[in-house]
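A.B. asks: Have a look at this one before I ask anything.
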Amino acid sequence: MKRQETALSKVCLVGAVAAFFGCGALSVQAQTTAESSGLKHYESNSKDFWLHPPDDWFLGDETKDQKGLTPNAGQPLPTPEADLEKILAKIKLPQGFKISVWASNVPQARQMAWGDKGTLFVGTFDKGTVSAVSEVNGKRVAKPFITGLRMPTGVAFMDHALYVIDIDKLYKYDNPEADLEKAPTPKVVYDDMPPYIPHGWKYLVPDGKGWFYIPFGPPCNICLPPTSVSQYRRVNPANGTAELVALGIRNSVGGAVDPRTGDLWFSENARDWISDDKPSDKLNHVSRLGQHFGYPYCHEGDMVDPKFGMGHKCSEFTPPVVKLGPHVAPLGMKFYTGNQFPAEYKNGIFIAEHGSWNRHKKNGYRIVFISVGADGKNPKETVFAGTWLDDQKILGRPADILQAPDGSLLVADDQTSAIYQISYHK
């Protein structure tokens, strides 16, 4: 889902998000006005809404054509390895590639990061934990490494330290592989972040120079958001300084730095509740500081918002490099820099598409590959792996991609709580 909190022990965080996973809804102040048509409407341009969102904040203004659509029900649960193998047997790949189970029972696997000694650290969504995957008696085992957080979806490893981002804090854990049975005491290295939980989950994007690019999503489906969000910042964890990089961004849960130029590229989930086929999710390229990518005024580069356009023209904003399709929910992405895959994949982009919920016929649930020039010109998109759908039954939801030391790719699947490996053999 484009947005999908710690569970009942922490009062389900926010009923809206908890409801996505079947966690018992909270009774929060009702901001819903019953229209004569029975459609729901919210006034989402207020601090009270952002701080105390209703359970179904993601609805925005419900439409007649999409009335009744709800997030995919059911808490993701670990899937037995035998069942994972059956699922992977259905996944189509280009000739020469194969996909296999790399690790199972990795709770709600989200962003992944390699440690210095080969430990794979994996963020989660609402479990409040970060897992450490390592070999035990010749088998990969995931164990809870960090617990007690809220939504630690984003992880990164840099200069012998593990970084974990929660809703409004960036934590640093020094030398974490010294003892995988107990995480070191963390240090908060950046906390100039708003407390909004809707779209507050984040991935970390190392810039290759010791800083992180960090996305800040708006706490609504569509609204005139607070000025502290709908943006990317570049943050220095060494001293807590930050700079504003890009604006007009709805919900980015994945990005990567181009090895050819050092530029930031990022995936973006577009707004919901217009139609099944509009607007398209996006792949964006930040080519200069301060670019505005349109939200909430313009979507997909050429579609003025019917309510929030406010006299703007789409020509005022930076268009996407690629329209990825409606409601595909692109999350983690990586440039391929390895040598295992054929040459045509070098410096191309792999994107994990988590899959739709706000659409009558599901879309996404796959991995796409995009070859594109460093200047953002001449993009070509192909389906690389997929789909994790059996007709309309969800078999899995790719959430992140990470290159392994041997040049293969790891794919995190938070629906099945598994990590897959895609490799190439001539």
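The values are calculated or read from the model by the stated rules, or taken from the named source; none is laboratory data. Remember, it's a predicted structure, so these values are computed and weren't measured experimentally. Every residue, glycine as well, gets a Cβ built from its backbone with ideal geometry; the counts of neighbours run over all protein chains shown. Protein only, heavy atoms only, side chains kept; ligands, DNA and RNA dropped before computing areas. Shrake-Rupley method; radii C 1.70, N 1.55, O 1.52, S 1.80 Å.
A.B. asks: Residues in region 353-384 that are of a type in the set (Gly, Ala, Ser) and surrounded by fewer than 17 Cβ atoms within 10 Å (Cβ to Cβ): how many? Before you say what the answer is, go through the steps one by one.
C.D. replies: So the first thing to find is which residues in region 353-384 are of a type in the set (Gly, Ala, Ser), and the list is 355-356, 364, 371, 373-374, 376.
Pick out the ones that are also surrounded by fewer than 17 Cβ atoms within 10 Å (Cβ to Cβ) and you get 371, 373-374.
Qualifying residue count, region 353-384: 3.
A.B. asks: Further question on the same structure: Sort out which residues of region 199-213 are under 18 Å from Leu244 (Cα atoms), buried (at least 24 other Cβ atoms within 10 Å of the Cβ) and not small (Gly, Ala, Ser), and write them in order of number.
C.D. replies: Step one: list which residues in region 199-213 are under 18 Å from Leu244 (Cα atoms), which gives 200, 202-213.
Right, trim to buried (at least 24 other Cβ atoms within 10 Å of the Cβ) and you get 200, 202-205, 212.
Once the filter is applied, which keeps residues that are under 18 Å from Leu244 (Cα atoms), buried (at least 24 other Cβ atoms within 10 Å of the Cβ) and not small (Gly, Ala, Ser), region 199-213 yields Lys202, Tyr203, Leu204, Val205, Phe212.
A.B. asks: Check Thr32 against each of (1) modelled with pLDDT under 80; (2) out of contact with any Gly (no Cβ under 9 Å at 6 or more places or on another chain); (3) not in a loop (DSSP other than H, G, I, E, B) and name the one condition it does not meet.
C.D. replies: Only one criterion is unmet by Thr32, namely (3).
A.B. asks: Only one of (1) modelled with pLDDT of 95 or more; (2) under 18 Å from the mean Cα position of the chain (by Cα); (3) open to solvent by less than 10 Å² (accessible area, probe 1.4 Å); (4) more than 19 Å from Leu264 (Cα to Cα) is not met by Ser408, so which one is it?
C.D. replies: (2)
A.B. asks: Restricting attention to region 127-141, report how many residues are open to solvent by less than 10 Å² (accessible area, probe 1.4 Å) and either of a type outside the set (Val, Ile, Thr) or under 18 Å from the mean Cα position of the chain (by Cα) (or both).
C.D. replies: 4
A.B. asks: Output the number of the condition that Tyr196 fails; it satisfies all remaining conditions of (1) at pLDDT below 95; (2) among the hydroxyl-bearing types (Ser, Thr, Tyr); (3) buried (at least 24 other Cβ atoms within 10 Å of the Cβ).
C.D. replies: Result: Tyr196 fails condition (1) only.
A.B. asks: Quick one: what pairs do we get from region 186-212, first residue within 26 Å of Arg271 (Cα to Cα), second of a type in the set (Ser, Thr, Tyr) and surrounded by fewer than 21 Cβ atoms within 10 Å (Cβ to Cβ), C-beta under 7 Å, 6+ apart or different chains?
C.D. replies: Taking only residues 6 or more apart or on different chains, the pairs are Pro194/Ser228.
A.B. asks: Would you say Lys98 is in a loop (DSSP other than H, G, I, E, B) and surrounded by fewer than 18 Cβ atoms within 10 Å (Cβ to Cβ)? Before you say what the answer is, go through the steps one by one.
C.D. replies: Working: in a loop (DSSP other than H, G, I, E, B): no; surrounded by fewer than 18 Cβ atoms within 10 Å (Cβ to Cβ): yes.
No.
A.B. asks: Here's something else I'd like to know. Among the candidates Phe157, Phe145, single out the residue that is closer than 19 Å to Val253 by Cα and open to solvent by 10 Å² or more (accessible area, probe 1.4 Å). Steps first, answer last, please.
C.D. replies: Working: Phe145 fails: closer than 19 Å to Val253 by Cα.
Only one candidate qualifies: Phe157.
A.B. asks: On to the next question. Say whether the condition of being out of contact with any Gly (no Cβ under 6 Å at 6 or more places or on another chain) and over 28 Å from Pro379 (Cβ atoms) is met by at least one residue in region 242-252.
C.D. replies: From region 242-252, those out of contact with any Gly (no Cβ under 6 Å at 6 or more places or on another chain) are 242-247, 249-250, 252; that's our starting set.
Filter once more, so that each one left must be over 28 Å from Pro379 (Cβ atoms): 242.
Yes: one or more hits.
A.B. asks: Related question: Kindly establish whether Glu344 is modelled with pLDDT of 95 or more, outside any loop (DSSP other than H, G, I, E, B), open to solvent by 40 Å² or more (accessible area, probe 1.4 Å) and in contact with a strand residue (DSSP E or B) (Cβ under 9 Å, 6 or more places away or on another chain).
C.D. replies: On the way: modelled with pLDDT of 95 or more: yes; outside any loop (DSSP other than H, G, I, E, B): yes; open to solvent by 40 Å² or more (accessible area, probe 1.4 Å): yes; in contact with a strand residue (DSSP E or B) (Cβ under 9 Å, 6 or more places away or on another chain): yes.
Against the criterion (modelled with pLDDT of 95 or more, outside any loop (DSSP other than H, G, I, E, B), open to solvent by 40 Å² or more (accessible area, probe 1.4 Å) and in contact with a strand residue (DSSP E or B) (Cβ under 9 Å, 6 or more places away or on another chain)), Glu344 qualifies.
A.B. asks: Please enumerate the residues belonging to region 160-179 that are open to solvent by less than 40 Å² (accessible area, probe 1.4 Å) and outside any strand (DSSP E or B).
C.D. replies: Asp166, Ile167, Asp168, Pro176, Glu177
A.B. asks: Would you mind listing the strands (runs of 3 or more DSSP E) fully within region 217-335 where at least 1 residues are crowded, with 24+ Cβ neighbours inside 10 Å and basic (Lys, Arg)?
C.D. replies: Details: elements: 231-236, 241-247, 255-257, 264-268, 280-286, 322-326, 330-335.
Per the criteria, 280-286.
A.B. asks: Kindly indicate whether Lys323 is basic (Lys, Arg) and either within 18 Å of Ile222 (Cβ to Cβ) or at pLDDT below 95 (or both). I'd like the intermediate steps shown before the answer.
C.D. replies: Details: basic (Lys, Arg): yes; either within 18 Å of Ile222 (Cβ to Cβ) or at pLDDT below 95 (or both): no.
The answer is no for Lys323.
A.B. asks: State yes or no: is Val383 under 17 Å from Gly96 (Cα atoms) and either at pLDDT 95 or above or of a type in the set (Ser, Thr, Tyr) (or both)? Lay out the reasoning, then the answer.
C.D. replies: Working: under 17 Å from Gly96 (Cα atoms): yes; either at pLDDT 95 or above or of a type in the set (Ser, Thr, Tyr) (or both): yes.
Yes: the conditions hold for Val383.
A.B. asks: Do you know which residues across region 46-82 are assigned to a helix (DSSP H, G or I) and out of contact with any strand residue (DSSP E or B) (no Cβ under 8 Å at 6 or more places or on another chain)?
C.D. replies: Filtering region 46-82 for residues assigned to a helix (DSSP H, G or I) gives 47-51, 57-59, 81-82.
Once the filter is applied, which keeps residues that are assigned to a helix (DSSP H, G or I) and out of contact with any strand residue (DSSP E or B) (no Cβ under 8 Å at 6 or more places or on another chain), region 46-82 yields Lys47, Asp48, Phe49, Trp50, Leu51, Trp57, Phe58, Leu59, Ala82.
A.B. asks: Turning to a different aspect of this structure: Take region 385-396 and flag every residue that is open to solvent by 10 Å² or more (accessible area, probe 1.4 Å), outside any strand (DSSP E or B) and closer than 13 Å to Ile91 by Cβ.
C.D. replies: Thr387, Leu395 - these are the residues of region 385-396 that are open to solvent by 10 Å² or more (accessible area, probe 1.4 Å), outside any strand (DSSP E or B) and closer than 13 Å to Ile91 by Cβ.
A.B. asks: In region 190-232, what residues are in contact with a strand residue (DSSP E or B) (Cβ under 6 Å, 6 or more places away or on another chain) and either under 25 Å from Lys307 (Cα atoms) or of a type in the set (A, V, I, L, M) (or both)? Spell out the reasoning first.
C.D. replies: Filtering region 190-232 for residues in contact with a strand residue (DSSP E or B) (Cβ under 6 Å, 6 or more places away or on another chain) gives 190, 199, 202-208, 211-217, 229, 231-232.
Of everything in region 190-232, those that are in contact with a strand residue (DSSP E or B) (Cβ under 6 Å, 6 or more places away or on another chain) and either under 25 Å from Lys307 (Cα atoms) or of a type in the set (A, V, I, L, M) (or both) turn out to be His199, Leu204, Val205, Ile214, Pro215, Phe216, Gly217, Val229, Gln231, Tyr232.
A.B. asks: In addition: Does any residue of region 130-144 turn out to be outside any strand (DSSP E or B) and either under 30 Å from Leu170 (Cβ atoms) or modelled with pLDDT under 95 (or both)? Full working, then the answer.
C.D. replies: As a first pass, look at region 130-144 and keep what is outside any strand (DSSP E or B): 137-138.
Now narrow it down to the ones that are either under 30 Å from Leu170 (Cβ atoms) or modelled with pLDDT under 95 (or both): 137-138.
The answer is yes, given that some residue of region 130-144 is outside any strand (DSSP E or B) and either under 30 Å from Leu170 (Cβ atoms) or modelled with pLDDT under 95 (or both).
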